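What follows is a single structure, written as structure tokens, with notes after it.
The values are calculated or read from the model by the stated rules, or taken from the named source; none is laboratory data. Predicted model, so just to flag it, every value in this text is computed and none were measured. Quick reminder, even Gly has a Cβ in these numbers, built from the backbone with ideal geometry, and neighbours come from all protein chains shown. Note: areas computed on protein heavy atoms with side chains; ligands, DNA, RNA excluded. Shrake-Rupley method; radii C 1.70, N 1.55, O 1.52, S 1.80 Å.
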There are 2 protein chains.
Amino acid sequence: MADVARLAGVAISTVSRALANPGRVNEKTRAKINAAARQLGYTPNAMARGLRVGKSNIIMIILPGSLYYGASQVIPQVLQSINKSLIQGGYNLMIANLDRDEISERHILDLAFGGSVRGAIILSSKLPEVDGRSLANSGLPIVSMLLDMSDAGLQSVVTNDREAVRDVTAELIRLGHRRFFYLAGPEGNYHDVERYGGVLEALEAAGLSEDLVHRSGGHLDYQHGFDIGVQAADDFAELTEKPTAVIATSDDMAISFVSRIQRTGLSIPGDVSVVSFDGSPVCEFCSPPLSTIKQPVEEMGRAAVDLLFDAIGQRQNTATVRTVIRSSLILRESIAAPKN
Amino acid sequence: MADVARLAGVAISTVSRALANPGRVNEKTRAKINAAARQLGYTPNAMARGLRVGKSNIIMIILPGSLYYGASQVIPQVLQSINKSLIQGGYNLMIANLDRDEISERHILDLAFGGSVRGAIILSSKLPEVDGRSLANSGLPIVSMLLDMSDAGLQSVVTNDREAVRDVTAELIRLGHRRFFYLAGPEGNYHDVERYGGVLEALEAAGLSEDLVHRSGGHLDYQHGFDIGVQAADDFAELTEKPTAVIATSDDMAISFVSRIQRTGLSIPGDVSVVSFDGSPVCEFCSPPLSTIKQPVEEMGRAAVDLLFDAIGQRQNTATVRTVIRSSLILRESIAAPKN
DNA sequence: CGGTTTTTGGCAAACGTTTGCTATAAGCTG
DNA sequence: CAGCTTATAGCAAACGTTTGCCAAAAACCG
């Protein structure tokens, strides 16, 4: 920096001001300084700046260690959209994986308390906490995405899962379906609660009994979505009175489920209608093309980043704690009226 | 840190030594120091350390901005495996997206030259370079993954694309196929060159003419893999003499291609055999299940990190510049002998 | 041209570590 | 207990910025 100052013929403090907060220096000298910096190939040292200012410009995203269940399909898009928004605000994105072991928790806490990161976006249902240090009271702005953690006081960006599932279930009922097969992810998980709740609400609204829906899957939370679908197909095969409509909580499990039951001679949507969750692009090219509830992940990513920026900007944590972004049903050929 | 020292009854320098390089301090006092640190909820400031030591503990992964083509399916696995390996070595993973605009290039260069990162893993074919600053001469250890950039002097971790495609093409020839349809990604891309080269090699080895293979796709590099497959299906429909075997350079395009040509009444593998590249889990559940050449991405990720660690450890850049990890063909029902 | 505002220069402290140095203390050996 | 090795204390410099302060210079105004 001293070199740049010398070459530009200005003081070192002026260089700093020109590069960091562009307001406080004359436009003409700023141009001169930039030219000098470019000529010398100078780039300010981020760590020195961070140390002095007391803030980093890194945001960490906390991914569940086993992102297999469902989420895997949408992760790249989430990452892309979040990173894009962050960069526009001058921030960088760091990845942190939260496994079920203490090591990864400790690692995340080190990041948080060591001043490495300025905020976090969390896609996991559990806040790391060990040895009295907890992410919750790290003082870091945190926003949760996909999962509603407003109970824990976290700004949350979610879709209207319950409502979406309720609507699609209602539509299936309207078409004449009366026996349902619900393909669950990890049991008790926010998504499971909401989505299954949506199914039940629709049944109730139609004056139907909860017994009409058979739950399958959801025993393990580290399972690959495809595996869940395969197991569920076995489960389905055992049923004497076959359900005519399947509601799956992720595209992955729907895809493998469909593949397996087609092999047993059943046809979609002739014998069974299927709808799932996520909106993976691949659904369009399945046979038959799968109906799916599309999660607007790009939009959610942007919203999460905006909330984070708000939280960083002001010391007060804002009141609104839950942002709902509407998902949309993509209707394809996998849904029809039941046979008779 | 001073507080910790006071509580533990030792000097501040001893605390530093105990926490940073554990060798130089007595085990007993180290335990005392750790206890004090835990009690006080103390975590060393990473930026201060980084500044003093002159090195960061962050590795950046440079992803192509449009990771749509093909790669999208494997990115989460790549990220997971790389991050896991990095953390074991005490490093963190930062994401950088390399788009075709100057902004993103500049951004990456700022990261590199600003001392923010200690090394890079690059999954893009182009090294950012602007204003005389180039990633190549940033002094940073860099390893390329998926793409062979050993020409540019970069350690590269790749699969044996050419060989794998050659083998599977030879197998198709053996089955009796004589007309081929090659579904290309971005033209001139390393993968395209290698894979197409593999096709040609197999033809030549069998004494067949290059004219037997029809190329499709590969005009744009920002296309979603699925779109390429859709377009290629239109392309395919126009051909008077239909090829009997399709070799696709990513699973995505194979999936959408298959979906579309099945709709025109053709059957797989009856009328057309299909094989593709990537090894996405979803292939198993397509109808028919797709044969695919599986890229061992976890293994590649580990290898890339190991190479990076080697490069960080020593000042000399090691001689070997290309690491090949063998891919494996997963044979499924989408391949059969041609009809007559 | 005197007075006022804006911009810059120069200085120095601060951010929280690490690390080389010397000196002291502690522990061990015979 | 002398002589040796090992561990720690205490000090201070350094890493590369930012930023508050005040003075100096420049620009602007009427």
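Relative contact order, whole percent, for region A:2-44 stands at 39, derived from Cα pairs under 8 Å and 6 or more residues apart.
Working note: Karplus 6.51/-1.76/1.60 with θ = phi - 60° gives region B:150-159 the couplings 5, 4, 7, x, 9, 4, 10, 10, 9, 9 Hz, where Gly and Pro are set to x. In region B:1-158 the Cα-Cα distances spread across 10 Å bins starting at 0 as 10, 31, 26, 16, 14, 2 percent of all pairs. Averaging 1/r over each pair of different alpha-carbon atoms in region A:2-44 and inverting the result gives 9.8 Å, the Kirkwood hydrodynamic radius. Over all Cα atoms in chain B, the spread is summed up by Rg and Dmax: 25.2, 87 Å.
Treating r as the C-beta distance of A:Glu241 and B:Ala31 and R0 as 56 Å, the FRET efficiency rounds to 0.30.
Ligands, DNA and RNA are left out, and with a 1.4 angstrom probe the accessible area of region B:2-44 is 61 Å² per residue.
Mind checking how much accessible area B and A bury in total, 1.4 Å probe, in Å² rounded to 100? Buried surface at the B/A interface: approximately 4400 Å².
Peptide A:98-110 has a mean shielding of 1, counted as Cβ atoms of other protein chains within 10 Å of each residue's Cβ. Rounded to the nearest Hz, the phi-derived 3J(HN,Hα) couplings of region A:256-268 under the Karplus curve 6.51 cos²θ - 1.76 cosθ + 1.60 (θ = phi - 60°) are 6, 4, 4, 4, 6, 6, 4, 5, 7, x, 7, 10, 10, where x marks glycine and proline. Here's how it looks for A:Ile122: its modeled amide H is under 5 Å from those of A:Ile62, A:Val143, A:Ser144, A:Met145, which are all 5 or more places away or on a different chain. Which of the listed residues, A:Gln295, A:Tyr196, B:Ser156, is farthest toward the dipole's positive end in the protein assembly as shown, when Lys, Arg count +1 and Asp, Glu count -1 at the beta-carbon? Positive-end residue among those listed: B:Ser156.
When the pairs B:Lys55/B:Lys126; B:Lys55/B:Lys294; A:Lys84/B:Lys126; A:Lys339/B:Lys339; A:Lys84/A:Lys294 are compared against a 29 Å limit on Cα-Cα distance, B:Lys55/B:Lys294; A:Lys339/B:Lys339 fall above it. When all protein chains stay in place and ligands, DNA and RNA are ignored, the 1.4 Å accessible-area order of B:Glu194, A:Glu204, largest first, is A:Glu204, B:Glu194. On the beta carbon distance between A:Arg52 and B:His219, with R0 = 45 Å, the FRET formula returns roughly 0.35. Can you list, shortest first and in nm, the gaps between the label point of B:Leu239 and those of its counterparts in the other copies, using a point 7 Å from Cα in the C-beta direction? Those label-point separations list as 4.3 nm.
Each Lys and Arg Cβ is given +1 and each Asp and Glu Cβ -1; about its Cα centre, the protein assembly as shown then shows a dipole of about 3180 debye. Note on the protein assembly as shown: Rg/Rh from Cα positions, Kirkwood definition for Rh, rounded to two decimals, is 1.01. Around B:Pro128, under 15 Å between beta carbons, what's the net of Lys plus Arg minus Asp minus Glu among the other residues? With Lys, Arg at +1 and Asp, Glu at -1, the neighbours total -3. Averaged over peptide B:74-83, the number of partner chain Cβ atoms lying within 10 Å of each residue's Cβ comes to 4. Distant-in-sequence amide contacts of A:Arg215, defined by a placed amide H-H separation under 5 Å and a gap of 5 or more residues or a different chain, comprise A:Tyr182. The other copies place their A:Gly270 label points at 1.5 nm from this one, listed shortest first, where each point is 7 Å from Cα along Cα→Cβ.
Quarter the surface of the alpha carbon convex hull of region B:156-312 and you get the mean projected area, 9.9 square nanometres. Once both labels are positioned 7 Å from their Cα atoms along Cα-to-Cβ, the gap between B:Ser134 and B:Ala205 label points is 3.7 nm. Taking amide H positions as modeled 1.01 Å from N, with prolines and chain starts lacking one, the residues under 5 Å from B:Arg179 and 5 or more places away or on another chain are B:Thr244, B:Ala245. With its label point defined 7 Å out from Cα along the Cα-to-Cβ axis, B:Ser209 lies at 7.2 nm from the matching points of the other copies, in increasing order.
Per-residue ellipticity at 222 nm from helix content only, as computed over chain A with -39500 (n - 2.57) for each DSSP H run of at least four residues, stands at -13000 deg cm²/dmol.
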